[in-house]
Structures are given as structure tokens and as C-alpha cells.
Amino acid sequence: MSQHDLASLYDAIDNAARDINDSVVEWRHHVHQYPELSNRESETAAYIVERLNEIGIDEREITTGLAGHGVVAFIRGRAEGEGSARTVLLRADIDALPVKENSGEDFASEQVDSDYPGGPFPIAHACGHDTHVAMLLGAAKVLFDLRDAIHGDIMLVFQPAEEGPPLGEDGGADLMIQDMEEQGLLDAAPSMAFGIHIGPGPVGFIGYGRGIQNAASETVKITVTGEQVHGSTPWQGIDPMPAVGDILSNIGQIYRQIDVKERFTVSLGHVVDQGRFNIVGNQVEIWGTVRSLTTEVVEDINERIARYVEHLAAAHGCTGTVEFFDQVPPVVNAPEWIDAILPTYERVAGDNPVVQLPAAMGYDDVSEFIARFGGVYALLGGQDVRLGADGTIEKTSEDSRGLVPNHSPKFYVNDDALVYGVRLHAHVAVDHLMGELNAEVEGTEDNA
Ligand SMILES: [Zn+2]
Ligand SMILES: [Zn+2]
């Protein structure tokens, strides 16, 4: 394909993205107003399928019910040429959070999930996944209408439960990939995965990590078992509580046992006991999360946690066990992929900054896709701030809402950011399928 043809394809994408912007904003507001928690995204999935039908994507190209409420749809490029055998995977997560929204938007959520385990919970799209859904739908429309000029296939992945399924349920990217495999959707393996996360930063700003971008994560459950007894006669039973106290305080020693250059956190945020003021309970559960930039450090931490739990419980006559689950690998953008994608980022961002960022301790299970298929995860700014001359962030005006982090009740996204996300998905897809964007590296599963 000549550079001239490519340039006209880019123009066509940008014009189409501008033309459908009102629809994308409307889709975003709808999804935002009716958020659903992880593994409960049935209405969101139905809304996505309705929009895909409206766009004109054939029913036979749409698969629903993946990992619960996941949706996958294919757009088949019809032009012949380099990249015709390729498939680019574009991923959006679709779930919301148990947060009471206080964004001040007139399309703010008033939804409550009464049946969710541990609930009832107010629900909000406090991580911006509503914008992810709308941006990917927008890109679907743009790419579908341009399919005659595009080589290869585009796989749209709308993934549930990124924020983690409720305890005791399976879900998220890992299960989604398993289900996609079982249904034959990965028979032609994607040659690149791409996703976007919206967040604090100027509208149109694109951020990226070179190498590790997001931490590895897991959930830890510690169970300490003693023997229940009347509170007045503790010697007749075994109190698990002193062992729990020792475990909570000693786990802090792990920070002194692992090289200070490693970045990790161990947070035990939830303790559940079965006692009462006059009953020494039988068992205590401690729940927490481990984050680290590498899976090796997570494994090292796990051994240390297990050792403390076993021996500190035994020291008090109790038994202690540890379980680790919801393990998510770090998001790793291979440097080769970053080098390959930077021209696309620059083109989409235009006058807005494209900035390399340090690794963050938050996780994102998009890592399952990138570890497997190669590719990149982008961070897109969507708030009313700008980069000052000295590189610091400042408000765009006196009364602007400034920087608000994801998961805050006040988290917000300016609709002006959506068109950048639509264009980013579409430019990345086209660049990869037309042979302009590729890295000669496999997925980074070694790091996963
Ligand atoms: Zn989140
Ligand atoms: Zn998120």
C-alpha cells in the first residue's frame, strides 16, 4: 500500500470518528448511567450487541456469553495485501465498581446492586470502563465502514470482570481467553493485542510504560483456626486472635527481607472473625492483596507469607493456611512494540503530549492478552488539566475539576477525550493490519 493510500485511510478514519462523535458520547452516557458490577454485566453486554448489530456486523460474527457476559465480534477486512492473514485484537473492559458516584455529571449513576455478594452496593463507572466500551464501539463503526480498504481481521473483545469477580466466582481476562479458545475464536491467533485505559491526564494525552507498565497482582486469603470457647474460659479452647495479631504485624517484616530496589506492596485490608464479646471464635480469615512489578517477587513474597502464617499460627497452638488466587501478570509493553507504536501515538495525539510513564502498582488483566499475543496498552488522558511548562499538571481553568484518580467517587472523564480513543483504536488496527506497525517479538509470557 502506498503512503498516499495510507494517508487517505488515516483521513477517512479521522473524518468518520468526528462524524460519529455524538453517537459515541450518547453510548458512553448510557453505559455510564447503567453500570453493572463484575460478572453481572448482562445489560451492558446486551447494549453492546445492539450497537454492533446497528453498525451492521453480521450476527454470525458476534459471540456472546464468554466468561459470563463477554462479547467478541469480528470485522473482516476485504482488501488483499500485506497483513491479510493478520488479526488485531482490540480490547475494552466493561464492568463498573461498588462506588457511590459523586461526579456531578447529569448522567451520573443512581444504580444499586442489592443482590451482589457482600452488598447492597451503589454502582458507578468510577474506572471509566464506560468510555472504553463507547470508544471501542466507535472504532468498530469506523473500521466496519472502511473494511473494503483494510487487510486482515479485527477482533473486538468486550471483556467483563476486569475489576475482579466476586469471591468464589471465576471471571475476567483469563477465563475470557479460555472460553474464546474453546469456542474456536482463537483458531487464527491475533498477532497483536491493544487496549486503552482512560484516566487522569490532559484530554488527548497518551501515556505509556516501556517494559513494565502495571504491576502483577493477586488476592491472598489467610485462615487461622483455633477452637471456639466461652470468653470467660479461654484456656479451655484455642484463641486464634493472638496469632492473627502476630501475622498482621510480622508481615511488615517482609519489606526488610526483599531487596529495597524491588517495588512491591502487601496490604491486608479485611479481617473476618467469628467471635463475639463473650465468645472466642473458632476461625479468622484475613484478606489482602500483593502487588509487585514481577511475578518472581510475588512468588517470593508468597513463600514468606506462607512461612509466617504456618509458624506464627503454630506458635499459638492454631493451624494457619494461605490461599492465593486471582493472580494477574504485570502489563508489559515490550520495548520493540513501543518503538513500533510511537509513530501511531504521535499521529493520533497531534499537538497533545505523548509521554513515557513509570510503572504503576495498579493492575490490569489486559496483561493476559498482551502476554499471550504481544501488543501494547495505552493510557489516555481525559480530564480538565494541561501540562504546564515545567511538566507539572495544572487545571485548565479556575473552576475545572482538575485531576481526580480512578476509583474515586468524584472520578470523571471529559467527553472530548472519546474521539481520541476511537481514533487510537482505529489507527492502531489499521497500522498493524497494513504492515506499518509490528514488532518481531512474541508475547512476553516469560514475564507473565
Ligand atoms: Zn479500576
Ligand atoms: Zn479500569
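Residue count for segment 267-296 satisfying the condition of being under 19 Å from residue 363 (Cβ atoms) and touching a residue at least 40 places away in the same chain (Cβ under 8 Å): 10. Can you spot a residue in segment 390-402 that is crowded, with 17+ Cβ neighbours inside 10 Å, touching a residue at least 40 places away in the same chain (Cβ under 8 Å) and aliphatic (A, V, I, L, M)? For segment 390-402, residues crowded, with 17+ Cβ neighbours inside 10 Å, touching a residue at least 40 places away in the same chain (Cβ under 8 Å) and aliphatic (A, V, I, L, M): absent.
Only one of the numbered conditions (1) among the hydrophobic types (A, V, I, L, M, F, W, C); (2) closer than 15 Å to residue 248 by Cα; (3) surrounded by 14 or more Cβ atoms within 10 Å (Cβ to Cβ); (4) out of contact with any Cys (no Cβ under 9 Å at 6 or more places or on another chain) is violated by residue 272, and that is (3). Per the conditions (1) more than 16 Å from ligand 2 (Cβ to nearest atom); (2) surrounded by 17 or more Cβ atoms within 10 Å (Cβ to Cβ); (3) more than 19 Å from the chain's Cα centre (by Cα), the sole criterion not satisfied by residue 137 is (3). Selection of segment 407-441 for residues being out of contact with any helix residue (DSSP H, G or I) (no Cβ under 8 Å at 6 or more places or on another chain), surrounded by 19 or more Cβ atoms within 10 Å (Cβ to Cβ) and more than 28 Å from residue 105 (Cβ to Cβ) yields 432, 433. Across segment 331-343, not a single residue is classified as at positive phi and either polar (S, T, N, Q) or surrounded by 15 or more Cβ atoms within 10 Å (Cβ to Cβ) (or both). Do we find that residue 223 is out of contact with any Phe, Trp or Tyr (no Cβ under 7 Å at 6 or more places or on another chain), outside any loop (DSSP other than H, G, I, E, B) and over 27 Å from residue 356 (Cα atoms) in this structure? Spelling it out, residue 223 is indeed out of contact with any Phe, Trp or Tyr (no Cβ under 7 Å at 6 or more places or on another chain), outside any loop (DSSP other than H, G, I, E, B) and over 27 Å from residue 356 (Cα atoms).
Filtering segment 395-441 to residues that are under 18 Å from residue 16 (Cβ atoms) and among the hydroxyl-bearing types (Ser, Thr, Tyr) leaves only 420.
Kindly check whether there is at least one residue in segment 202-216 that is more than 16 Å from ligand 1 (Cβ to nearest atom) and surrounded by fewer than 19 Cβ atoms within 10 Å (Cβ to Cβ). Yes, that holds for at least one residue. All conditions in (1) within 29 Å of residue 7 (Cα to Cα); (2) out of contact with any strand residue (DSSP E or B) (no Cβ under 6 Å at 6 or more places or on another chain); (3) within 16 Å of ligand 1 (Cβ to nearest atom) hold for residue 412, with the sole exception of (1).
Restrict the check to segment 182-193 and report whether at least one residue is in contact (Cβ under 8 Å) with a residue 60 or more places away in the chain, within 16 Å of ligand 2 (Cβ to nearest atom) and either assigned to a loop (DSSP other than H, G, I, E, B) or of a type in the set (Asp, Glu) (or both). Within segment 182-193, none of the residues are in contact (Cβ under 8 Å) with a residue 60 or more places away in the chain, within 16 Å of ligand 2 (Cβ to nearest atom) and either assigned to a loop (DSSP other than H, G, I, E, B) or of a type in the set (Asp, Glu) (or both).
Consider segment 243-262 and keep the residues that are farther than 15 Å from residue 302 by Cβ and surrounded by 17 or more Cβ atoms within 10 Å (Cβ to Cβ). The one that is nearest to the chain's Cα centre (by Cα) is 244. Is it the case, given these coordinates, that residue 267 is buried (at least 19 other Cβ atoms within 10 Å of the Cβ), in contact with a strand residue (DSSP E or B) (Cβ under 9 Å, 6 or more places away or on another chain) and among the polar types (S, T, N, Q)? Judged against the criteria, residue 267 is not a match. Taking the condition away from ligand 2 (no atom under 16 Å from the Cβ) and buried (at least 20 other Cβ atoms within 10 Å of the Cβ), does residue 156 pass? Yes: the conditions hold for residue 156. Could you tell me whether residue 227 is touching a Cys at 6+ places or on another chain (Cβ under 9 Å), of a type in the set (Asp, Glu) and within 16 Å of ligand 1 (Cβ to nearest atom)? Judged against the criteria, residue 227 is not a match.
Mind checking whether some residue in segment 150-157 is within 16 Å of ligand 1 (Cβ to nearest atom) and closer than 24 Å to residue 219 by Cβ? No, every residue in segment 150-157 fails to be within 16 Å of ligand 1 (Cβ to nearest atom) and closer than 24 Å to residue 219 by Cβ.
Coordinate-derived values only; no laboratory data. The structure displayed is predicted, hence computed values, not measured ones. Ideal geometry is used to build each Cβ from the backbone, glycine not excepted, and the neighbour counts take in all protein chains shown.
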